[in-house]
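Comments concern the structure below.
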Amino acid sequence: MKNYLEYKNYIGTVNYANEDNIFYGKIEGINDLISFEGASVIDLKKGFEDAVTDYLESCKEIGKEPNKTYKGVFNVRVPKETHQKISEIAVKKGMKLNELVNKTLDYLVKNEDAVLE
């Protein structure tokens, strides 16, 4: 099941507000907060696509980079046991822990559907 929208390499969240009887979402991976909504799934998709198109056009007009800038650094909290086990695997493979985690994340990116079924 897919609970997100995709358009022009952008992802949009999908939510439902029961009290307002409306679907809504926001564009992910950008430097601004751009939301969209619709009374139906079709309206939501159109709202998302229009929001992406308008955002990209606005960024182009003002010379702004639309995509969020990632530093390449983030903290991950894992159980102590997991930390110990992956540290042991890194030692056995003659790798630094960071290198092992990077290889693992690269594998996930290349095999997303197989890993996260």
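Is the shape of the range 4-62 best called rounded, prolate or oblate, per the rule: a/c under 1.5 gives rounded, else a/b larger than b/c gives prolate, else oblate, with a ≥ b ≥ c the square roots of the Cα gyration tensor eigenvalues? Mind showing how you got there, number by number?
On the way: a/c = 2.11, a/b = 2.03, b/c = 1.04.
Prolate, because a/c is 1.5 or more and a/b exceeds b/c.
Net charge near residue 100, counting Lys/Arg +1 and Asp/Glu -1 over other residues with Cβ under 12 Å of its Cβ? All intermediate terms of the calculation are to be shown ahead of the outcome.
Values: positive: 85, 92, 93, 96, 103; negative: 88, 99, 106.
With Lys, Arg at +1 and Asp, Glu at -1, the neighbours total +2.
Anyone know which of 40, 87, 58 comes out most mobile in the 10 Å Cα GNM of the chain?
Per the Cα network of the chain with a 10 Å cutoff, 87 tops the list.
Compute the angle between helix 80-92 and the longest alpha-carbon principal axis of the chain, please, reported from 0 to 90 degrees and rounded to the nearest 10.
Its long axis makes an angle of about 60 degrees.
Averaging sequence separations of C-alpha pairs under 8 Å and six or more residues apart, then dividing by the length of the chain, give the relative contact order as a whole percent. Could the numbers behind the result be given before it?
On the way: 109 pairs, mean separation 15.9, N = 117.
RCO, the chain: 14 percent.
Excluding same-chain residues fewer than 8 positions from residue 68, which lysines have a Cα within less than 29 Å of its Cα?
Excluding near neighbours in sequence, the set is 2, 8, 26, 45, 46, 60, 96, 103, 110.
With charges set only on the Cβ (+1 for Lys and Arg, -1 for Asp and Glu), what does the dipole of the chain come to about its Cα centre, in debye to the nearest 20? All intermediate terms of the calculation are to be shown ahead of the outcome.
Working: 17 positive and 20 negative charges, 189 e Å.
Dipole magnitude for the chain comes out near 900 debye.
Run the helix sum for the chain: -39,500 (n - 2.57) per DSSP H stretch of 4+ residues, divided by residue count, reported at 222 nm to the nearest 500 deg cm²/dmol.
Rounded to the nearest 500, it is -14500 deg cm²/dmol.
Specify the angular offset, from 0 to 90 degrees and rounded to the nearest 10, of the alpha carbon long axis of helix 41-62 from the longest principal axis of the alpha carbons in the chain.
Here the helix axis deviates by roughly 80 degrees.
How far is it, in nm, from the label point at residue 64 to the one at residue 99 when both lie 7 Å from their Cα along the line to the Cβ?
Going from the residue 64 label point to the residue 99 one covers 4.2 nm.
Could you tell me how many degrees, from 0 to 90 and to the nearest 10, lie between the Cα long axis of helix 97-110 and the main elongation axis, the longest principal axis, of the Cα atoms of the chain?
40 degrees
Choose one of 36, 79, 111: the residue whose Cα lies farthest towards the positive end of the charge dipole of the chain (beta-carbon charges +1 Lys, Arg; -1 Asp, Glu; about the Cα centre).
79
Net charge near residue 25: determine it from the other residues with C-beta under 14 Å of the C-beta of residue 25, scoring Lys and Arg +1 and Asp and Glu -1. Kindly include the intermediate steps, with their values, before the conclusion.
Details: positive: 2, 26, 45, 46; negative: 6, 20, 28, 37, 43, 49, 50.
Charge balance in the 14 Å sphere: -3.
So which residue, out of 12, 72, 38, gets the largest mean-square fluctuation from a GNM of the chain using Cα contacts under 10 Å as springs?
Largest GNM mean-square fluctuation: 72.
None of the figures in this text is laboratory data; all of them are computed from the coordinates on show. Keep in mind it's a predicted model, so treat the numbers as computed, not measured. Cβ atoms come from the backbone with ideal geometry, glycine included; neighbour counts cover every protein chain shown.
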